[in-house]
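The values are calculated or read from the model by the stated rules, or taken from the named source; none is laboratory data. As the structure is a computational prediction, the values presented were derived from the model and not from experiment. Heads up, the Cβs are rebuilt from the backbone with ideal geometry, glycines too, and the neighbour counts pull from every protein chain shown. These area figures cover heavy atoms from the full protein model, side chains too; ligands, DNA and RNA do not enter into them. Shrake-Rupley method; radii C 1.70, N 1.55, O 1.52, S 1.80 Å.
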Amino acid sequence: MEAELQSHIAFHLTGKRPNNGLDLIAGQNMRPALMAQYRDLAALRHDFPVVLVEGAEPASCIQSLSALIDGLAAKLAVDPAPERTAMHLRRLERAIRVAVLEQGARGTLNSLWHTIAAKMTAAGDDPAFADSLERAHTLLKIDGAVVACDAELPQNFVTHAWRSVEAARAKRFRKEIGALIARLADVLRADFSLSPQGRNPENLRAAMANAFADELDFDALSGVLSKLSAKVPVPEARLKRVREVLAILQRQRFVSLEGVTTEGTAKSDLHGFLFDNSAQALAAYRERLPEIVGLVRAMSIARLELRSDYVPERHDPFFRDFSAQMLGEDELALFPGYLVRLRAADLKPGDNSELMELLGAGLPVKFLLQIDDILEPSIIGDGRLAFRAGAKQLAKMALGLHDVYVMQSSGSGLFKLRDQMMAGLASYGPGLLSVFSGDSGTTGGISPYLVGAAATESRAFPTFWYDPSAGADWASRFSLADNPQAAADWATHDMRYEDGEHRRVDTRLSFTMIDFVASDSRYAAHFAGVSSGKWEEDLFPAAEALGTRVIVAGSTQRSVPYILMVDDQNAMRRVIVDEKMMIAAEHCLRQWHSLQELGGLHNSHAKALVERERIAWSAAQAALDAARSVATPATAAPVAADPAIASAPVASPASAAEEPERADGEAYIDTGRCSSCDECTTINPKMFAYDNNRQAYIVDVKLGTFRQLVEAAEGCALSIIHPGVPVNKDEPGLDELIERAAPFQ
């Protein structure tokens with residue numbers, strides 16, 4: 001037993017594997033325990049695959065296959081057998097999901113529907129199946145590519161969303177330019193119709209479109225009109241200005257004018273706004289800037305002319321010197337935005353700094369940065385375990401630019417963030433969408449969807465967005481809300497499994513950076529499996545050790561951190577984690593804490609303020625107690641008014657009498673002093689809860705661990721949590737925990 005303990009400690013501290021029972025995890029298709037239940041992802045109803053709906057508005061251009069099927073089932077709820085119809089639709093949905101996610105099928109929703117439905121109908125014996133699908137398909141009014149969460153998803157998803165946003169923008173731009181063109185043409189047409197040339201018989205006949213050629217004498221009509229009073233002549237300078245402006249509007253190359261004018265630019269001559277490198281986008285923007293200036297100038301002149309507000313003496317000098325510096329954001333927001341699609345693997349040295357410089361320049365360019373590998377080994381080479389920062393840090397760096405829209409997400413989270421993404425794409429100005437595809441190629445048979453979700457859950461690639469147009473402060477602009485259990489260090493989940501003796505085990509596991517890295521074959525050497533017969537008490541959950549450093553060089557502590565993993569036979573294994581991996585996970589945790597502060601979670605400035613208020617309150621309370629202790633009923637003198645003392649809450653005799661009697665060693669909270677800071681309820685919302693006054697109390701110490709009680713006490717700014725004594729005498733690390741709890745008893 002002692003030899004096994006020493007081998008465990010030796011591996012943890014050194015990463016070297018003694019020859020006495022520590023197993024390699026490489027080649028066993030092992031994955032973290034919490035991921036084991038998702039081996040058959042196609043059997044689960046989730047966001048993917050999604051349909052990239054053709055011709056739809058931004059709000060509905062990307063839809064989940066599951067939601068579409070549910071919508072069709074709801075429309076057919078009036079059928080004589082709605083449950084059967086819904087069941088048939090769910091069978092088709094699963095078949096499409098399996099074909100797309102597992103078999104690599106690609107195509108539009110309609111094509112996949114017809115192909116797969118035909119195969120299922122031919123192979124089945126339910127005559128109502130084909131009828132259900134046919135009636136449902138008649139209600140399906142949309143179509144579009146069906147895509148999986150794979151290496152191509154970020155580009156397909158974001159490009160489709162961008163095109164939908166730009167189509168809506170072009171529609172607004174086309175409407176505005178079209179209205180100006182039509183009204184300017186009316187000015188010229190009206191001027192011509194009142195001129196001698198416009199009154200000749202041939203032009204009158206053309207204007208009437210030969211509608212009354214047999215009834216009207218156009219020669220006589222021309223003579224009558226010529227005898228009418230002469231019109232007020234339009235100055236030739238104004239006519240020339242209107243013609244020039246009209247020509248510019250009709251020749252512009254930013255949006256198609258089909259349906260607006262027959263003199264517009266052909267679609268094939270329109271500018272392109274989709275690029276695969278930043279240099280091309282920058283060159284195009286610079287080249288087109290004079291066109292933008294000229295078009296905005298023409299639109300401004302047109303509006304003045306149509307209101308008859310153009311004064312040559314005032315406006316000619318202004319528009320003669322009109323330049324890019326005079327362009328307003330509202331005007332520029334009419335023009336199409338640029339999308340540059342980048343892959344982190346293709347970036348060269350220096351590209352990161354160039355990208356940051358372009359973002360800081362304020363150009364209307366959105367960058368999609370696709371990252372396929374966030375665990376690429378660092379080139380430090382000094383024996384430490386570190387992951388290359390590179391492109392995966394660009395989103396965090398871009399937050400410091402303040403006026404740049406920033407969104408970071410794994411591919412698996414894109415669908416849930418589609419509204420935020422659409423808002424960012426529609427905004428004027430620069431933007432960065434950093435997306436982890438999950439397709440690193442080093443995770444065995446784990447799908448990119450699950451890898452991406454695990455990266456977010458483990459804090460290795462947190463989800464966040466920053467919208468500079470959402471408000472004036474960080475609370476309005478920045479959000480971490482789309483991360484699982486964003487207020488906690490690690491996301492935790494209930495898990496049930498059967499042990500080697502066929503007993504049911506209910507536990508609660510945290511999913512940490514360590515669990516995420518354990519699924520990557522490149523880092524298998526940092527883990528060592530322990531056979532199920534050797535699950536001794538010297539093993540300690542790694543999640544609870546993070547931040548507290550259970551083992552250090554020279555320590556006599558007899559606990560070694562581990563995680564739970566499941567092998568390809570679905571057998572649960574405890575896997576020891578080496579010290580290098582623990583340090584890497586703690587680095588990840590510190591980065592997560594920094595993001596939490598930006599998101600207003602566990603803000604150190606707020607904690608310091610609460611602590612200062614607690615000290616001031618304690619001082620005021622002590623002064624009040626001292627004043628009471630020296631006074632007697634016969635000679636008591638009024639105490640000088642002290643604002644701090646006067647404002648301090650004082651417990652009344654009634655409230656003191658209501659204090660419940662407590663057993664020795666019982667854990668409790670001074671509920672009346674609770675400031676509702678969420679610290680304890682974040683650690684364990686089952687053990688800690690709020691009463692009707694939103695003040696914390698302990699529901700039941702058996703719903704958590706003594707470690708959680710101690711951590712809550714240490715994190716409480718008011719020091720009102722008293723951990724008592726441990727209820728579970730077998731909990732690991734009690735000696736250390738009892739020592740840490742002593743100051744709060």
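Close contacts from the stretch 600-628, counting a first residue that is within 13 Å of Cys677 (Cβ to Cβ) and a second that is hydroxyl-bearing (Ser, Thr, Tyr) and at pLDDT below 80, with Cβ to Cβ under 8 Å and a gap of 6+ residues or different chains, come to Val610/Ser675.
Screening Trp465 against (1) open to solvent by 30 Å² or more (accessible area, probe 1.4 Å); (2) in a helix (DSSP H, G or I); (3) hydrophobic (A, V, I, L, M, F, W, C) leaves a single unmet condition, (2). Picking from residues in the stretch 385-421 that are at pLDDT below 95 and part of a loop (DSSP other than H, G, I, E, B), the one that is surrounded by the most Cβ atoms within 10 Å (Cβ to Cβ) is Leu385. Within the stretch 679-694, the set of residues being open to solvent by 40 Å² or more (accessible area, probe 1.4 Å) and assigned to a loop (DSSP other than H, G, I, E, B) comprises Pro685, Lys686, Asp691, Asn692, Asn693, Arg694. Ile379 fulfils the conditions (1) of a type in the set (Val, Ile, Thr); (2) without any contact (Cβ under 8 Å) to a residue 60 or more places away in the chain; (3) open to solvent by less than 50 Å² (accessible area, probe 1.4 Å) except for a single criterion, (3).
Just to check your reading of the model, which residue among Met299, Met326 is closer than 30 Å to Lys175 by Cβ and open to solvent by 30 Å² or more (accessible area, probe 1.4 Å)? Outline the logic, then answer.
Details: Met299 fails: open to solvent by 30 Å² or more (accessible area, probe 1.4 Å).
When all the criteria are applied, what remains is Met326.
Within the stretch 342-359, if we keep just the residues that are open to solvent by less than 50 Å² (accessible area, probe 1.4 Å) and either in a loop (DSSP other than H, G, I, E, B) or at pLDDT 90 or above (or both), the residue that is nearest to Phe157 (Cα to Cα) turns out to be Leu342. Has the stretch 658-670 got at least one residue that is at pLDDT below 90, within 28 Å of Leu601 (Cα to Cα) and hydrophobic (A, V, I, L, M, F, W, C)? No, the conditions are met nowhere in the stretch 658-670.
Only one of the numbered conditions (1) touching a residue at least 24 places away in the same chain (Cβ under 8 Å); (2) of a type outside the set (Asp, Glu); (3) open to solvent by 30 Å² or more (accessible area, probe 1.4 Å); (4) part of a helix (DSSP H, G or I) is violated by Leu334, and that is (4).
A search for C-beta distances below 8 Å between a residue of the stretch 696-714 that is in contact (Cβ under 8 Å) with a residue 24 or more places away in the chain and in a strand (DSSP E or B) and any residue that is of a type in the set (S, T, N, Q) and surrounded by fewer than 23 Cβ atoms within 10 Å (Cβ to Cβ), counting only pairs 6+ apart in sequence or on different chains, returns Ala696/Thr671; Ala696/Ser676; Ala696/Thr681; Tyr697/Thr671.
Results for (1) more than 13 Å from the chain's Cα centre (by Cα); (2) surrounded by fewer than 20 Cβ atoms within 10 Å (Cβ to Cβ); (3) more than 16 Å from His593 (Cα to Cα), shown as yes or no for each residue.
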| residue | (1), (2), (3) |
| --- | --- |
| Phe436 | no, no, yes |
| Thr442 | yes, yes, yes |
| Gly445 | yes, yes, yes |
| Ala481 | no, yes, no |
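When the stretch 602-621 is filtered for residues that are among the small types (Gly, Ala, Ser), under 15 Å from Ser719 (Cβ atoms) and either open to solvent by 90 Å² or more (accessible area, probe 1.4 Å) or modelled with pLDDT under 80 (or both), only Ala608 remains.
Does the stretch 156-169 contain at least one residue that is assigned to a helix (DSSP H, G or I), of a type in the set (Ser, Thr, Tyr) and under 26 Å from the mean Cα position of the chain (by Cα)? Yes, the stretch 156-169 contains at least one residue that is assigned to a helix (DSSP H, G or I), of a type in the set (Ser, Thr, Tyr) and under 26 Å from the mean Cα position of the chain (by Cα).
Scanning the stretch 367-392 for residues that are over 18 Å from Pro154 (Cβ atoms) and not small (Gly, Ala, Ser) yields a count of 8. Which residues, counting only those in the stretch 567-601, are at pLDDT below 90 and within 31 Å of the chain's Cα centre (by Cα)? Scanning the stretch 567-601 gives Gly600, Leu601.
Screening Phe706 against (1) farther than 20 Å from Asp506 by Cβ; (2) open to solvent by less than 40 Å² (accessible area, probe 1.4 Å); (3) aromatic (Phe, Trp, Tyr) leaves a single unmet condition, (1).
Looking at the stretch 237-259 only, could you name the residues that are assigned to a loop (DSSP other than H, G, I, E, B) and open to solvent by 20 Å² or more (accessible area, probe 1.4 Å)? Even if it seems obvious, please write down each step before you answer.
Step one: of the stretch 237-259, the residues assigned to a loop (DSSP other than H, G, I, E, B) are 252-259.
Arg253, Glu258, Gly259 - these are the residues of the stretch 237-259 that are assigned to a loop (DSSP other than H, G, I, E, B) and open to solvent by 20 Å² or more (accessible area, probe 1.4 Å).
In the condition set (1) under 22 Å from Glu679 (Cβ atoms); (2) surrounded by fewer than 19 Cβ atoms within 10 Å (Cβ to Cβ), Thr507 is compliant with all but (1).
What are the residues in the stretch 510-531 that are within 22 Å of His587 (Cβ to Cβ), part of a strand (DSSP E or B) and either at pLDDT below 85 or open to solvent by 40 Å² or more (accessible area, probe 1.4 Å) (or both), if any?
First, the residues of the stretch 510-531 that are within 22 Å of His587 (Cβ to Cβ): 510-528.
Now restrict to residues that are part of a strand (DSSP E or B): 510-511, 527-528.
Answer for the stretch 510-531, where residues must be within 22 Å of His587 (Cβ to Cβ), part of a strand (DSSP E or B) and either at pLDDT below 85 or open to solvent by 40 Å² or more (accessible area, probe 1.4 Å) (or both): there is none.
If the condition is being in a loop (DSSP other than H, G, I, E, B), among the β-branched types (Val, Ile, Thr) and at pLDDT 90 or above, then the stretch 360-380 contributes only Ile374. Six or more apart or on different chains, Cβ atoms under 9 Å: show the pairs whose first residue is in the stretch 159-183 and crowded, with 16+ Cβ neighbours inside 10 Å and whose second is among the basic types (Lys, Arg). Between residues of the stretch 159-183 that are crowded, with 16+ Cβ neighbours inside 10 Å and residues that are among the basic types (Lys, Arg), the close pairs are Ala161/Arg418; Trp162/Lys366; Leu180/Arg303. Summed over the stretch 342-366, residues that are of a type in the set (A, V, I, L, M) and touching an Asp or Glu at 6+ places or on another chain (Cβ under 8 Å) total 3.
Close contacts from the stretch 493-520, counting a first residue that is over 17 Å from Ser531 (Cα atoms) and among the aromatic types (Phe, Trp, Tyr) and a second that is open to solvent by 40 Å² or more (accessible area, probe 1.4 Å) and at pLDDT 85 or above, with Cβ to Cβ under 8 Å and a gap of 6+ residues or different chains, come to Phe511/His493. Beta carbons closer than 8 Å, at least 6 apart along the sequence or on distinct chains, pair a first residue in the stretch 557-586 that is of a type in the set (S, T, N, Q) with a second that is open to solvent by 30 Å² or more (accessible area, probe 1.4 Å) for Gln557/Glu736; Ser559/Pro732. Looking for something under 23 Å from Glu287 (Cβ atoms), open to solvent by 50 Å² or more (accessible area, probe 1.4 Å) and among the charged types (D, E, K, R) - is there at least one such residue anywhere in the stretch 304-316? Scanning the stretch 304-316, I find no residue that is under 23 Å from Glu287 (Cβ atoms), open to solvent by 50 Å² or more (accessible area, probe 1.4 Å) and among the charged types (D, E, K, R), so the answer is no. Residues that are of a type in the set (D, E, K, R) and surrounded by fewer than 16 Cβ atoms within 10 Å (Cβ to Cβ) were ranked within the stretch 709-745; the one that is nearest to the chain's Cα centre (by Cα) is Glu714.
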